[in-house]
Amino acid sequence: MPSVSSIAQAEEVQKTSPEQAIPLYQSILAAAGTDATARTEQEAALLKLAQCYRDLHRPNELAALIHDSRTLITSIPKAKTAKIIRTLIDYFSEIPNTLPLQIDVCKQTIQWTIQEKRIFLKQALETRLIALYLDNKMYSDSLALVATLLKELKKLDDKMVLVEVQLLESRVCHALRNLPKAKAALTSARTSANAIYCPPLLQAALDMQSGILHAEEKDYKTAFSYFYETLEGYSSLEDSRAISALKYMLLCKIMLNLSEDIQSILNSKVALKYRGVEVEAMKAIALAHQNRSLQEFEQALAAYRDELGNDPIIRNHLASLYDKLLEQNLIRVIEPFSRVEIAHIAELVKLPAQQVEVKLSQMILDKTFLGVLDQGAGCLVVFDETPVDKTYESALDTMKNMANVVESLYEKASKLT
């Protein structure tokens, strides 16, 4: 039977060399023993061994450990089993490029829970599988599993898992750009959450999704409020997602043309501990926007490619901000001219002539200004805005008022007779 000293010894070795601690934990797991003390020690050894595989980035060994530990797990109380399995699967997320393997392990474990008739564990793992599908951009698989799981959860009336699944459904629909359905799923999640005690982490996730959907509708003021609540929620729990909430707050201020407020936000007590490269990236974008400089904007995007390009929310909004900034710069450049070469405009804004030509044609179609592109001469011809002749509208208003007067006179004449 394993002794406490062997567990302690393995833990000490793990601190300096996880590689050498692996055989020690394996020997503890292989040792015979069915009493409560032995089981407790084997549970600890199982989790510690999984940590070693995680730290050494050995996903295949971790997958094998989850499969081989089923015999041990069946002898553990069901409530504890669910926590152990979820913890083991979560360790994969800290190993890069393991999403497909993580999905396979999750599917195999779900099959095992069906054989063992562990319904609640199955639902928890299916919820995790939906999140993995979402991360792997397998949206159709994700929605199919959501539909099946929602039916089961509504029968069992398990509100906590129901909120998580509805929130995931909202995120999947948002990723597919189906905003009406994303909003409907989020409303359902909030309604379910109001009926139970909602843990702070789940509440912060709901606020984050609400902020994202409001930002999609260009309601940046409301989105900022939700992101602020999210930041406070994640910050109180020391969650790493707090930095994303802070970045989205700064993004809202930039989109509202309130870049000057960013410094006061960053000096607040909650935001101070998250100062770093990601925050500096948002500050660079804010400065470029404040200066109305396309060149500074492009330099910031190039310098902070990973920080700004890897987040789809920020990437989408910055693309629309770049278009807006480009339009403002082009209008400012062409304002003094009635006829100007496209090459000259491109030189002034320091962009390729082809890109400038495409944008100008789009602006003409959107009626941002009046003009035509003379492609033969490579010129833009700008027309003065002709004042609208309001004679016709005024005549219609006069006739309408006269009709009202005649009606009024007719009613008075009728009363006299």
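The values are calculated or read from the model by the stated rules, or taken from the named source; none is laboratory data. It should be emphasised that the depicted structure is a prediction, and the values quoted were computed from it without experimental measurement. Counting neighbours? That spans all protein chains shown, and the Cβs are built from the backbone with ideal geometry, glycine included. To get the accessible areas, we keep the full protein, side chains included, count just its heavy atoms, and leave off ligands, DNA and RNA. Shrake-Rupley method; radii C 1.70, N 1.55, O 1.52, S 1.80 Å.
Residues in region 63-106 that are open to solvent by less than 80 Å² (accessible area, probe 1.4 Å) and among the hydroxyl-bearing types (Ser, Thr, Tyr): Ser69, Thr74, Ser75, Thr81, Thr87, Tyr91, Ser93, Thr98. Can you find, within region 91-111, the residue that is nearest to the chain's Cα centre (by Cα) among those that are in a helix (DSSP H, G or I) and without any contact (Cβ under 8 Å) to a residue 12 or more places away in the chain? The qualifying residue nearest to the chain's Cα centre (by Cα) is Ser93. Given the criteria open to solvent by less than 70 Å² (accessible area, probe 1.4 Å), closer than 28 Å to Arg241 by Cα and either touching a strand residue (DSSP E or B) at 6+ places or on another chain (Cβ under 9 Å) or without any contact (Cβ under 8 Å) to a residue 24 or more places away in the chain (or both), does Ala377 qualify? Answer is no for this residue.
Within region 166-197, can you find the residues that are over 13 Å from the mean Cα position of the chain (by Cα) and open to solvent by less than 20 Å² (accessible area, probe 1.4 Å)? The answer is Gln166, Ala185, Leu186, Ala189, Ser192, Ala193.
The criterion of at least 2 residues that are more than 23 Å from Glu116 (Cα to Cα) and out of contact with any Leu (no Cβ under 8 Å at 6 or more places or on another chain) is met by the following helices (runs of 4 or more DSSP H) wholly inside region 17-74: 18-30, 36-55.
Among residues belonging to region 5-54 that are among the β-branched types (Val, Ile, Thr) and in contact with a helix residue (DSSP H, G or I) (Cβ under 7 Å, 6 or more places away or on another chain), point out the one that is modelled with the lowest pLDDT. Once the filter is applied, the top-ranked residue is Ile7.
Among residues that are out of contact with any Lys or Arg (no Cβ under 9 Å at 6 or more places or on another chain) and closer than 21 Å to Leu308 by Cα, Leu246 is included. Report yes if Asp207 is on the phi < 0 side of the Ramachandran plot, open to solvent by less than 30 Å² (accessible area, probe 1.4 Å) and of a type in the set (D, E, K, R), otherwise no. For Asp207, the condition - on the phi < 0 side of the Ramachandran plot, open to solvent by less than 30 Å² (accessible area, probe 1.4 Å) and of a type in the set (D, E, K, R) - is met. Listed by position, the helices (runs of 4 or more DSSP H) enclosed by region 237-343 that each have at least 3 residues that are closer than 27 Å to Gln362 by Cβ and either open to solvent by 50 Å² or more (accessible area, probe 1.4 Å) or in contact (Cβ under 8 Å) with a residue 60 or more places away in the chain (or both) are 242-255, 294-303, 312-334.
On the basis of being open to solvent by 10 Å² or more (accessible area, probe 1.4 Å), in contact with an Asp or Glu (Cβ under 8 Å, 6 or more places away or on another chain) and among the basic types (Lys, Arg), does Lys155 make the cut? Taking the combined requirement at face value, the residue does not satisfy it. In the condition set (1) within 22 Å of the chain's Cα centre (by Cα); (2) under 24 Å from Glu217 (Cα atoms), Gln290 is compliant with all but (1).
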